[in-house]
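I have placed the structure first, in the form of structure tokens, so that the comments after it can refer back to it.
The values are calculated or read from the model by the stated rules, or taken from the named source; none is laboratory data. Values in this document were obtained by computation on a predicted structure and should not be read as measured data. Positions of Cβ are generated from backbone atoms using ideal geometry, with glycine treated the same way; all protein chains shown enter the neighbour counts. The area values use the complete protein model at the heavy-atom level, side chains included, leaving out ligands, DNA and RNA. Shrake-Rupley method; radii C 1.70, N 1.55, O 1.52, S 1.80 Å.
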Amino acid sequence: MDFIPVNEPLLNGNEKKYLCECIDTGWISSEGPFVKEFEEKMSATTDRKYGIAVSNGTAALEVAVQALGIKEGDEVIMPAFTIISCAMAVTKVGAIPVLVDSDMHTWNMDVDEIESKVTSRTKAIMMVHLYGLPAEVDKILVLAKKYNLKVIEDAAEMHGQTYYGRPCGSFGDISTFSFYPNKHITTGEGGMVVTNDEELAERCRMIRNLCFRKDVRYLHDEISDNYRFTNLQAAVGLAQLERLSEFVTKKREMGRYYTEHLKDVKGLILPIQKIDYADNIYWVYGLVLEKDVPADNRLMQKLLAEEGIGSRTFFWCMHQQPVYQKQGKFVNETYPNAEYLARKGFYIPSGLALTREQMGKVVIAVRKVIDCLGK
């Protein structure tokens, strides 16, 4: 039985051609010309003036937080349900993540909870777009303006997505992307910070590169890491970016196929196809088990694997991360919707290289497993 992986990227464009150019010219490091070209073209797709390529999406968040001057004791409001990179970027500088619960309709942060979490120590809102639909950008920007807060937009999963026609990654003071292999655009690893603020962009470039001083290279007034991005990665990214609209179309076709063939399966909550401000981009095709299904997402992952189908559980909620519990963070905090999604949500194969035949096998397997659980 051939195993269908949860994700397989599509690399049949100009990737090999551009990589060969890197090798032939000897430009493989972060100084290569593809890096600047990729930064310029990626930032242009998000209507941003400046792009700063970094080593991965986590690095992009860390650079963004440090560039904004968020420091020990500051508070950053963010969703309880997201990848740990978001909280890590905040706790790394000694700041405090302040959590809000999820909206069960979109799986994004419940913006109606944000205002009650604002204090005199709040410095920023981290607006994370999850799984295919954007967060409610306008409401978040209104609150940020009201309380003079910075906005960090995590658009890691939103390549090619829009909010009321404006590209995700164009909102707030600073935005971040990831180019991990399961993203619409991949460079293997990699990430990017985008902004319209020239001074902020220059700070990001400095932080990316160990905070070398401009006047004397090996003198440092601040501590940072090496977050550099290579010419090899940029070569792959440029080839991927050339096909972004094609990839978005394909992802939406995949989403429609899965929805059409799973909509009658009792026990499954399917992702929203369309909301007022956006059509789902289906970064992945997520499913949530209804309460009466006698299984959690880990059991679903195991049962689907037995059928030759890869899947992956949703993110775990921040307040129940063992590492933060050991540190005494989020004591007695509960976020019921985030907890439910973390236990009952999972996604099925939805990489760009997935074929229609493979999707058919996935549908059969999902229906079989749910049917067996109901007996």
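Values for this structure:
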| quantity | calculated |
| --- | --- |
| Residue within segment 281-290 that is part of a loop (DSSP other than H, G, I, E, B), within 17 Å of Val366 (Cα to Cα) and either touching a Phe, Trp or Tyr at 6+ places or on another chain (Cβ under 8 Å) or open to solvent by 60 Å² or more (accessible area, probe 1.4 Å) (or both) present | yes |
| Those residues of segment 237-276 which are more than 19 Å from the chain's Cα centre (by Cα), more than 18 Å from His184 (Cβ to Cβ) and of a type outside the set (Lys, Arg), in sequence order | Thr259, Glu260, His261, Leu262, Asp264, Val265, Gly267, Leu268, Ile269, Leu270, Ile275, Asp276 |
| Single residue of Lys16, Lys41, Lys49 found to be free of Cβ contacts under 8 Å to residues at least 24 places away in the same chain, open to solvent by 90 Å² or more (accessible area, probe 1.4 Å), among the basic types (Lys, Arg) and on the phi < 0 side of the Ramachandran plot | Lys16 |
| Pairs where the first residue, in segment 347-375, is modelled with pLDDT under 95 and the second is charged (D, E, K, R) and open to solvent by less than 10 Å² (accessible area, probe 1.4 Å), C-beta under 7 Å, 6+ apart | none |
| Residue count, segment 316-338 (criterion: open to solvent by 40 Å² or more (accessible area, probe 1.4 Å), not in a helix (DSSP H, G or I) and not small (Gly, Ala, Ser)) | 7 |
| Boolean, Thr187 is surrounded by 15 or more Cβ atoms within 10 Å (Cβ to Cβ) and either within 23 Å of the chain's Cα centre (by Cα) or more than 30 Å from Lys16 (Cα to Cα) (or both) | yes |
| Residue among Thr230, Thr249, Thr259 that alone is polar (S, T, N, Q) and closer than 20 Å to Asn108 by Cβ | Thr259 |
| Per-region count, segment 219-258, residues open to solvent by 70 Å² or more (accessible area, probe 1.4 Å) and not hydroxyl-bearing (Ser, Thr, Tyr) | 10 |
| Positions within segment 68-105 being among the β-branched types (Val, Ile, Thr) and open to solvent by 10 Å² or more (accessible area, probe 1.4 Å), in sequence order | Ile70, Ile83, Ile84, Thr91, Val93, Ile96, Val98 |
| Selected residue (criterion: surrounded by the most Cβ atoms within 10 Å (Cβ to Cβ)) from residues of segment 358-375 that are closer than 17 Å to Ile269 by Cα and touching a strand residue (DSSP E or B) at 6+ places or on another chain (Cβ under 8 Å) | Val362 |
| Residues (assigned to a helix (DSSP H, G or I) and surrounded by fewer than 17 Cβ atoms within 10 Å (Cβ to Cβ)) located in segment 339-357 | Arg356, Glu357 |
| Failed criterion for Ser170 (all others in (1) touching a Phe, Trp or Tyr at 6+ places or on another chain (Cβ under 9 Å); (2) open to solvent by 30 Å² or more (accessible area, probe 1.4 Å); (3) within 21 Å of Ile275 (Cα to Cα) hold) | (2) |
| First in segment 302-320 and within 21 Å of Asn337 (Cα to Cα), second anywhere and open to solvent by 40 Å² or more (accessible area, probe 1.4 Å) and part of a loop (DSSP other than H, G, I, E, B), Cβ under 7 Å, 6 or more apart | Phe315/Ile83; His319/Glu333 |
| Among residues of segment 144-172, those that are in contact (Cβ under 8 Å) with a residue 40 or more places away in the chain and closer than 18 Å to Gly57 by Cβ, counted | 15 |
| Filter result for the condition that a residue is modelled with pLDDT of 95 or more, among the charged types (D, E, K, R) and part of a strand (DSSP E or B), over Lys183, Lys123 | Lys123 |
| Boolean, Ile125 is more than 15 Å from the chain's Cα centre (by Cα), buried (at least 24 other Cβ atoms within 10 Å of the Cβ), farther than 25 Å from Arg228 by Cα and not basic (Lys, Arg) | yes |
